[in-house]
1. Show that you can apply the helix-only estimate: for chain A, add -39,500 (n - 2.57) for every DSSP H stretch of four or more residues, divide by all residues, and state [θ] at 222 nm to the nearest 500.
2. Which distances, shortest first and in nm, link A:Ala296 to the matching position in the other copies, using label points set 7 Å out along Cα to C-beta?
3. Where the only charges are on Cβ atoms (+1 Lys, Arg; -1 Asp, Glu), what is the dipole of segment A:42-127 about its Cα centre, to the nearest 20 debye?
4. Along Cα→Cβ at 7 Å, what distances in nm separate the A:Lys156 label point from those on the other copies, shortest first?
5. Taking the dipole about the Cα centre of the protein assembly as shown, with the C-beta of Lys and Arg at +1 and of Asp and Glu at -1, give me whichever of B:Ile167, A:Pro53, B:Ile211 is farthest to the positive side.
6. Strictly greater than 45 Å: what percent of every Cα pair in the protein assembly as shown meets that?
7. List the distances, in nm to one decimal, from the label point of B:Glu39 to the label points of the same position in every other copy, shortest first, placing each label point 7 Å from Cα along the Cα-to-Cβ direction.
8. Name the residue, out of A:Val46, A:Val215, A:Val289, whose mean-square fluctuation peaks in a Gaussian network model built on chain A with Cα pairs under 10 Å.
2 protein chains.
Amino acid sequence: MAELKSKEAFQKAEAISKKLRRNNLRIEEFIRRRGRLVERALERWVPGTDEFPPLVHKAMNYSLFAGGKRLRPILALAGAEAVGGRAADALPLACSLELIHTYSLIHDDLPSMDNDDLRRGKPTSHRVFGEGPAILAGDALLTEAFRLLARSDLMKNVPPATRLRVIYHIAHAAGSLGMVGGQVMDISCQGKKIDKHLLEYIHSHKTGALIAASVYAGGLVGGASPKEGRALSSYGRKLGLAFQITDDLLDIHGEPRKLGKSVRKDQAQGKATYPALFGVSESRRQAEVLLNGAIAHLRFFDPKADPLREIARFILKRST
Amino acid sequence: MAELKSKEAFQKAEAISKKLRRNNLRIEEFIRRRGRLVERALERWVPGTDEFPPLVHKAMNYSLFAGGKRLRPILALAGAEAVGGRAADALPLACSLELIHTYSLIHDDLPSMDNDDLRRGKPTSHRVFGEGPAILAGDALLTEAFRLLARSDLMKNVPPATRLRVIYHIAHAAGSLGMVGGQVMDISCQGKKIDKHLLEYIHSHKTGALIAASVYAGGLVGGASPKEGRALSSYGRKLGLAFQITDDLLDIHGEPRKLGKSVRKDQAQGKATYPALFGVSESRRQAEVLLNGAIAHLRFFDPKADPLREIARFILKRST
């Protein structure tokens, strides 16, 4: 009897582990395929290095094709697909998010901000092209994002009014009330003691806002109902904050070669982080709570939302 | 008989001079009234200094309300009105153009670009707020421009598809194929000998592109026909280039107190200018040819386009 029970438990554990392995393979395949779509679309739609003037287009393309994970674009596609939309319709949105993310990295790395020499394993933009051209390449990438979102030859299946809503939400998430606001607080709090509310503000704005907007705007393009939109938005906000917490954890434990950027810089720069404020294990716990909460927001979605669920699990694994 | 002829000529000259004075008064009144509309709209729509985080919003508002002439917004309103549209419908567009123009000034003034300490009679943004916050304030102003253009509570009389076209053209004019492209060439050609083609490229992109887009996008909002759109676009391109030429001339002959910025900097920085390449009087002649050409593009417009005609004359007077 005990043996039978044990056998049953073993089989159950095996089944779960098999399902996990399968899901894992499936999400890795999903990320790979969607990532490839994004890569090709970026190459097709963003002005190439042969455009005039060469300097700014070389700088734009250098950072854009430096091996980013394309998390935000993939989340946008997954958001559109979760509500029954087509990935193809969300591709310009996906690319615009990567353009905005890339601009923010170039500007964050500048000497007057985080002063980073290494990004994704390569010298940062201002180290290669000079500070002026790096600032301008960032400006151009940000502008290009909105040009792409408004192109008349793309997104023909999406109603113009919906496209305006997408532009509004992306701009809101990227601007002074979103990502830029978070970055401003981040650089002005360096070396200062801050409480957990301010830290949460910085993380949820600097990183969280654009990640949340990616999922939500993807949903809009996919034709989300208001209820679905709210759920995607809640999922995105929790995922975005959890992502930054795991990023903090990687800054402590990660290897520079694997991450392609300098590590243990947060402490050196006197930056407030979750591990610094709460310790490593409590930070991990908070990330886990957030990611499980994110998944819970998707409870009334069908299996088309599985990639979003798996991406949350994927992010959790990063930090452990 | 000779006396009679002389009297006739005198009366004719008087009539012309009276008409000129009247037009002058009228255009000044137009600029003042439209400027006031823009001022109030900027105050109403752009996040104020009480928004969080204070630093970035203070920096944004500092540069936005530093006494700019609001040329681009006024051109957008005049463009809309020239084709029978309402100024009110074009106000969000007008404000977005001033946001983009202001961001470009903040970034242009940075130490890694033109390294200017004075702008519109006040210390430049990075001198007041530091370099990092100044860069971020510029980023936020640019982003805010697109948020404003996409707001669902504004521009309700303008079809969403038209609004997308407006966003596209503004982004195109502001990005790497427009204004940013011009600025990149400007900073990379400092101290180098360049020919007139490259100089025309720099001027028509750095300054001309956004000015041309202002008029054209104003026309779109006002419901311009394709023929009207093409005429406004041609007018705008000539006006934009002429404006930069007169700016070069003012850098030589202007008084810093009146201009509110440093003068004779172009030469000190080894910048190519029209006066440096062609001499003062030939530059004036070229500006005049361009402005007369700009006005000629409006020949089939009715008196509603008079403000556009008068603005061209107004710019010509700046340089003489």
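1. Roughly -23500 deg cm²/dmol at 222 nm, from the helical runs in chain A.
2. 7.3
3. Using only the charged Cβ atoms, the result is roughly 200 debye.
4. 3.2
5. About the Cα centre, the residue reaching furthest to the positive side is B:Ile167.
6. When every Cα pair of the protein assembly as shown is considered, 23 percent fall beyond 45 Å.
7. Spacings between copies for this position, smallest first, are 5.5 nm.
8. Judging by the Gaussian network model, the answer is A:Val289.
Each value in this text was obtained by applying a stated rule to the coordinates, not by laboratory testing. Predicted model only: the values in this text are computed from it and were never measured. Note that each Cβ is placed from the backbone with ideal geometry, even for glycine, and that neighbours are counted across all protein chains shown.
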